[in-house]
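**Student:** Got a structure for you, written out below as structure tokens; questions coming shortly.
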Amino acid sequence: MDVLKRLALLVVVCSMFFVVTACASNKIVLSDNIPDFVQESDFENINWENKAVKFGDDGKIIGNENKSGVIGADMPSLNGQKWMWHLWGVDEAELTVIGLHKKTNTVHQILTDGWTKHVSGANNGADSHAPSSVKIPKPGEWAILLYTNGEFFDTLIYEINE
């Protein structure tokens, strides 16, 4: 009987360890220098199934049609790439771009010259746009959170493997 109690206790302790470990791995790791308006709660409702799609007259924009999209997101971006951001419903704004790597739950700056770019001027059917240089730190599934003038705007889900 004593052996059964010990075995049961061991099973309970191991189960608790796995639950605690699983919960801890879901914690979002924010960068130290991330803009103040970005909160951990912004990452809680990401729909990883809502993948960015190709759209536009020539199918070169990849994103959420009539909201936001990027030309260049389908190009190899791990060693650097030029991306052209497009926004609908925004004439001029400060666009902040936050990258979340799904597997590691880590937040990254993907614009090479800071967190924020100025967008303005219609282009490719969008109300505003901006060119940028990006570098994606590691391959995998990414949620790209977009903020305009410090307010959450949209999330783009990309699979970036090269």
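**Student:** Going by average Cβ neighbours within 10 Å, how do the peptides 50-58, 82-90 rank, with the highest at the top?
**Tutor:** 82-90, 50-58
**Student:** Report, to the nearest whole %, how much of the accessible area of segment 43-162 belongs to carbon and sulfur atoms, 1.4 Å probe, protein only.
**Tutor:** 44
**Student:** What's the extension gain from Lys138 to Ala122 if we count 0.36 nm per residue and subtract their Cα-Cα distance?
**Tutor:** 2.6 nm
**Student:** Another question about this same structure. Which order do peptides 37-46, 144-153 fall in by mean Cβ count within 10 Å, highest first?
**Tutor:** 144-153, 37-46
**Student:** If every alpha-carbon in segment 114-162 counts as one equal scatterer, what log10 I(q)/I(0) does Debye give at q = 0.16 1/Å?
**Tutor:** Here log10 of I(q) over I(0) equals -0.59.
**Student:** Beta carbons within 10 angstrom, averaged per residue: use that to sort the peptides 106-118, 65-77, highest first.
**Tutor:** 65-77, 106-118
**Student:** Report the semi-axes of the equivalent ellipsoid for segment 69-109 in whole Å, largest first, where each axis is √(5λ) for an eigenvalue λ of the Cα gyration tensor.
**Tutor:** They are 21, 15, 9 Å, listed from largest to smallest.
**Student:** I've got another one for you. Net charge within 14 Å of Ile160 by Cβ-Cβ distance, Lys/Arg positive one each and Asp/Glu negative one each, not counting Ile160 itself?
**Tutor:** +1
**Student:** Let me ask something else. Return the lysines within reach of Lys102: Cα separation strictly under 17 angstrom, same-chain partners fewer than 8 residues apart disregarded; answer none if there are no such residues.
**Tutor:** Once the sequence-local lysines are set aside, what remains near Lys102 is Lys27, Lys51, Lys135, Lys138.
**Student:** Would you mind working out the accessible area per residue for segment 36-139, using a 1.4 Å probe, and quoting it in Å²?
**Tutor:** 51
**Student:** In whole Å, what three semi-axes, largest first, describe the equivalent ellipsoid of segment 41-162 built from its Cα gyration tensor (square root of 5 times each eigenvalue)?
**Tutor:** Those come to 20, 16, 14 Å.
**Student:** Next question, about the same structure. Using the Karplus curve 6.51 cos²θ - 1.76 cosθ + 1.60 with θ = phi - 60°, work out ³J(HN,Hα) for each residue of segment 74-87 in order, rounded to whole Hz, and write x for Gly and Pro.
**Tutor:** For segment 74-87, the Karplus-derived couplings read 8, 9, x, 10, 6, 10, x, 6, 9, 10, 10, 7, 10, 10 Hz, x marking Gly and Pro.
The values are calculated or read from the model by the stated rules, or taken from the named source; none is laboratory data. Source: prediction; values computed, not measured. Using ideal geometry, Cβ is built from the backbone for each residue, glycine included, and neighbour counts are taken over all protein chains shown. Ligands, DNA and RNA are excluded from the accessible area calculation, which covers all protein heavy atoms including side chains. Shrake-Rupley method; radii C 1.70, N 1.55, O 1.52, S 1.80 Å.
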